[in-house]
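The values are calculated or read from the model by the stated rules, or taken from the named source; none is laboratory data. These figures come from a predicted structure and were not determined experimentally. Because the Cβ atoms are built from the backbone with ideal geometry, glycine has one as well, and the counts that use them run over all protein chains shown. We work out accessible area using only protein heavy atoms, side chains counted, and drop any ligands, DNA or RNA first. Shrake-Rupley method; radii C 1.70, N 1.55, O 1.52, S 1.80 Å.
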Amino acid sequence: MNKKKALILGITGQDGSYLAELLLSKGYEVHGLIRRSATGNTKNIEHLTDKITLHRGDLADTTSLYRTISSVRPQEIYNEADQDHAGWSYDLPDYASDITGSAPGRVLEIIRAVDPAIRFFQPLTSNMFGITDEKTQNENTPLRPQSPYACAKVYALMLTRYYRDVHKIFASTATFFNHESPRRTDSYVSRKITKAAVRISLGLQKKLFLGDIDAKLDFGFAGEYMEAAWKILQLDAPDDFVIGTGEAHSVREFLEEAFKAVGLNAADYIEIDPKLLRPGKTSTLIADYSKAKKTFGYEPKVKMKDLVKIMIDADREQEKMLVGQ
């Protein structure tokens with residue numbers, strides 16, 4: 001029996017690397033698309049390079065996408081590649097619109113031309129809900145995005161639904177709430193906090209500068225969310241799902257938990273930098289994942305405190321190795 005083949009777009013990132021590990025553990029033949037600017041940043045998949053096949057390409061380049069998809073002929077494609085930082089999108093709206101919004105349409109059109117039986121997964125963001133009066137958000141919550149990134153994800157959602165409804169492609173989505181891990185870059189507040197807490201505890205850093213620490217987020221673990229992505233593509237029919245923990249914690253809580261884990265008081269080391277405040281604020285967003293729970297048994301296991309511990313332990317190990325060098 002031939003191995004099932006999957007193509008991961010964005011395999012070097014946090015989500016793509018966890019997904020690659022998961023698919024390998026399930027016996028898949030795993031292929032990944034790697035762009036030129038990521039060739040020097042493959043640390044998330046260095047332990048997998050002898051088990052996966054990498055292809056040069058870019059979501060901005062239709063030719064490379066067509067060449068890769070037509071040569072690999074995967075049964076499943078996971079689009080884990082985009083401009084996924086809301087803060088950056090304020091300064092790069094064109095790029096966010098193209099790579100985050102339009103690129104899924106390129107991939108879906110190639111699927112339609114090459115092999116309409118290919119199953120496609122498109123991740124989305126809770127930022128699409130933006131400003132809302134609803135205490136929790138589900139698949140039917142109205143969308144009111146507050147950043148170019150979130151607007152682009154709404155377009156990606158609509159494109160995915162269009163190809164599903166009109167062209168009958170097995171195209172599914174998951175609206176992921178904040179999902180973190182030690183593989184996050186420190187341009188994200190979660191990793192910025194845990195890395196700084198460890199560095200300050202080791203005498204390698206003096207201060208941590210943050211923006212709005214009273215913002216509340218639904219923090220989950222990226223590895224669990226990738227398992228949900230895989231399960232969604234194994235269903236009998238394509239659909240849209242919300243994935244999160246159903247709990248909201250402020251950045252301040254995350255911060256205090258991280259510094260407590262290294263034996264420090266966060267208030268002694270934090271300074272608020274107004275330049276880090278985003279122009280577009282969202283409501284407190286909390287996942288109502290009841291549809292995913294009912295459909296395929298999704299239930300988050302890693303909550304905020306567990307997540308902080310996972311990240312602190314990994315950052316401590318990494319920093320000690322660097323100091324040892």
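What does the extension gain come out to for L204 and D61, with contour length at 0.36 nm per residue minus their alpha carbon separation?
In short, 47.3 nm is gained.
Normalized C-alpha radius of gyration of the range 255-325, against 2.2 N^0.38 Å?
Ratio of Rg to 2.2 N^0.38 Å for the range 255-325: 1.58.
Around P116, what is the net charge, scoring Lys/Arg as +1 and Asp/Glu as -1 over all other residues with Cβ under 14 Å from its Cβ? Let's see the in-between values first.
Details: positive: R73, R112, R119, R164, K168; negative: E76, E109, D115, D165.
That works out to +1.
Would you please classify the overall shape of the range 132-234 from the alpha carbon gyration tensor, given that a ≥ b ≥ c denote the square roots of the eigenvalues, rounded means a/c under 1.5, and beyond that prolate means a/b larger than b/c while oblate covers the rest? Before the final figure, lay out each step's value.
Values: a/c = 2.78, a/b = 1.95, b/c = 1.42.
Prolate shape, in that a/c is at least 1.5 and a/b is the bigger ratio.
So between I272 and N2, what do we pick up on full extension, going 0.36 nm a residue minus the alpha carbon distance?
Details: separation 270, 0.36 × 270 = 97.20 nm, distance 5.53 nm.
Stretched fully, the I272-N2 segment lengthens by 91.7 nm.
Once both labels are modelled 7 Å past Cα along the beta-carbon direction, what's the T185-M158 spacing in nm?
2.9
Can you give the net charge of the other residues whose Cβ lies under 10 Å from the Cβ of T173, counting K and R as +1 and D and E as -1?
0
From the mean inverse distance of alpha carbon pairs (Kirkwood) and the Cα radius of gyration, derive Rg over Rh for the range 95-170.
Radius of gyration over Kirkwood radius for the range 95-170 works out to 1.02.
Could you work out the Kirkwood radius for the chain, taking every pair of different alpha carbons, averaging 1/r and inverting it, reported in Å?
Evaluated over the chain, this radius sits at 20.3 Å.
Under DSSP H, which helices of the chain have Cα atoms covering 20 Å or more of the helix axis and a Kyte-Doolittle average no less than -0.5?
Once both thresholds are applied, what remains is 148-167, 304-324.
Go through the range 132-207 and name the trypsin sites (Lys or Arg not before Pro) that are in a DSSP coil and have 14 or fewer other Cβ atoms within 10 Å of their Cβ.
For trypsin sites (Lys or Arg not before Pro) across the range 132-207 that sit outside H, G, I, E and B with at most 14 neighbouring Cβ atoms in 10 Å, the list reads K135, K168, K206, K207.
Label 7 Å along Cα→Cβ of E139; the range 265-297 residues with amide nitrogen under 11 Å?
Label zone hits: 290-296.
State in Å² the accessible area per residue of the chain; use a 1.4 Å probe, count heavy atoms of protein chains only, and round to the nearest integer.
About 46 Å² of surface per residue is accessible.
Hey, what did the chain get for relative contact order, percent, Cα under 8 Å, at least 6 apart?
17
Once every DSSP H run of n ≥ 4 in the chain is given -39500 (n - 2.57) and the sum is divided by its residues, what mean residue ellipticity at 222 nm do you get, rounded to the nearest 500 deg cm²/dmol?
Working: 10 runs with 123 residues, N = 325.
Theoretical 222 nm ellipticity from helices: -12000 deg cm²/dmol.
For the range 168-305, just list the percent of Cα-Cα distances falling in each 10 Å bin from zero outward, please.
Distribution as computed: 11, 37, 29, 16, 6, 1 percent.
Give the cross-link partners of K305 among the lysines, using a straight C-alpha distance below 20 Å as the criterion and excluding same-chain residues fewer than 8 apart.
K192, K195, K216, K260
With all protein chains present, how much of the accessible area of the chain (probe radius 1.4 Å) comes from carbon and sulfur, to the nearest whole percent?
Carbon with sulfur: 49 percent of the solvent-accessible area.
Count charges around T136 for me, please; just the other residues with Cβ under 14 Å from its Cβ, Lys/Arg as +1, Asp/Glu as -1.
So the surrounding residues net to -2.
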